[in-house]
Amino acid sequence: MEMDNNLDYLFGSMEKQPRFSTLDQSENQDLSENKVTLEWKKFVEELQEVVGYKFKNVNLLYQAFTHSSFHREDECESYERLEYIGDSVLNLLIAKAHYFLHLDLAPGQLTRLRAANVDTEKLARVAVKYDFHKYLRHKKPLLKGQVEEFKDAMLEYPLHSSGLIDPPKVLADVVESLIGAIYIDCKFSMDITWQVVENLLQPMITLENLETHPVTKFYEACQRNGWSVKLIDTWEKTGEIEVFAGKFAGKGKFSGKKLIALNRAAHNAYCEIIKNLKTTCDNYNCNEAQD
């Protein structure tokens, strides 16, 4: 009955009903009221099916997919407050699951494992997997290209790049806001929220496939071999960073974000180190080089 009342409220009056839009708000201004109603119903039905959760208050679902850049003619709030609570809920859910799953794991390892499953790249991958960006109401003309670029980069790193690619943050924000919306809608039930979240986050990153950050791997290799590290930073001019250790060097380039360029430089240098050590071991018929 509560759900029926909700739908009557949403679909009974065009003055109260949100206007549906994705990439371009102006595209919907010429739609008839019936067309808008059908668009909104389709939006709700499709998302609930994808997520695997039926909302009691579908206004929360709509808010979860409204970016702050969108002109709010319908007075619908953006997803920012839902994102805030969703971020906290997600971290607690993952921490709880790992705490009971890995009884002997030290806090530091638990923290790394949790971080890998809730960071921006992981959540952005979830958004892409379920096409959440196609439902987002926004006025960010560059987003479509950014999503396509991210999808192409994902092909090289099927599970996670560990900081080598730059995902659009808005994709991760939408996942967190959706989690916040579900948490509020189910009357703050952590168990119900976890049922949905656990399914959305598949495949989860586990201890078996958890990668060490490229900068960490590089510095650990340098410490083991007694090499000092030198860094040449020309990022402001060229978008590049170079790192040197012993006779090895690595260059990383990414003009969009300096941290990505550094990660790529460290990754490339580390690969050169491992390649050389493996070649040396092969020449002496020893075991494969260990990280």
- Query: On the given criteria, is Lys54 at pLDDT 90 or above, open to solvent by 20 Å² or more (accessible area, probe 1.4 Å) and either closer than 21 Å to Ser189 by Cβ or part of a helix (DSSP H, G or I) (or both)?
  - Reply: yes
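Considering each of Lys144, Lys122, Lys140 in turn, give the residue that is under 24 Å from Ile260 (Cα atoms), over 15 Å from the mean Cα position of the chain (by Cα), part of a helix (DSSP H, G or I) and touching a residue at least 60 places away in the same chain (Cβ under 8 Å). So that I can check it myself, show each step before the final result.
Numbers: Lys122 fails: over 15 Å from the mean Cα position of the chain (by Cα); Lys140 fails: part of a helix (DSSP H, G or I).
Of the residues listed, the single one that is under 24 Å from Ile260 (Cα atoms), over 15 Å from the mean Cα position of the chain (by Cα), part of a helix (DSSP H, G or I) and touching a residue at least 60 places away in the same chain (Cβ under 8 Å) is Lys144.
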- Message: Looking at Lys151 and the list (1) surrounded by fewer than 16 Cβ atoms within 10 Å (Cβ to Cβ); (2) in a loop (DSSP other than H, G, I, E, B); (3) not β-branched (Val, Ile, Thr), which single condition is not satisfied?
- Response: (2)
- Task: Determine which single condition Lys129 fails, assuming it passes every other condition in (1) open to solvent by less than 80 Å² (accessible area, probe 1.4 Å); (2) under 11 Å from the mean Cα position of the chain (by Cα).
- Result: (1)
- Going through the range 216-251 in order, the residues found to be buried (at least 19 other Cβ atoms within 10 Å of the Cβ), in a helix (DSSP H, G or I) and not small (Gly, Ala, Ser) are Lys217, Phe218, Cys222, Trp235
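Residue-by-condition table, conditions (1) touching a strand residue (DSSP E or B) at 6+ places or on another chain (Cβ under 8 Å); (2) aliphatic (A, V, I, L, M); (3) modelled with pLDDT of 95 or more:
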residue: Asp173; (1), (2), (3): no, no, yes
residue: Ile184; (1), (2), (3): no, yes, yes
residue: Met190; (1), (2), (3): no, yes, yes
residue: Trp194; (1), (2), (3): no, no, yes
residue: Thr212; (1), (2), (3): no, no, no
residue: Ala221; (1), (2), (3): yes, yes, no
residue: Arg224; (1), (2), (3): no, no, no
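What number of residues in the range 187-205 are surrounded by 13 or more Cβ atoms within 10 Å (Cβ to Cβ) and outside any helix (DSSP H, G or I)?
Step one: of the range 187-205, the residues surrounded by 13 or more Cβ atoms within 10 Å (Cβ to Cβ) are 190, 192-198, 200-201, 204-205.
Then drop every residue that is not outside any helix (DSSP H, G or I), which leaves 201, 204-205.
So the count comes out to 3.
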- Message: Looking only at the range 154-175, filter to residues that are open to solvent by 20 Å² or more (accessible area, probe 1.4 Å) and part of a helix (DSSP H, G or I); which one of those is farthest from Arg81 (Cα to Cα)?
- Response: Met154
- Starting from the range 99-114, take each residue that is over 14 Å from Thr206 (Cα atoms) and list its partners that are modelled with pLDDT of 95 or more, counting only C-beta distances under 6 angstrom and pairs at least six apart or across chains. none
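The values are calculated or read from the model by the stated rules, or taken from the named source; none is laboratory data. Model, not experiment: these values are computed from the prediction. Glycine also receives a Cβ, built like all others from the backbone with ideal geometry; neighbour counts cover every protein chain displayed. Calculation scope for accessible area: heavy atoms of the full protein, side chains included, ligands and nucleic acids excluded. Shrake-Rupley method; radii C 1.70, N 1.55, O 1.52, S 1.80 Å.
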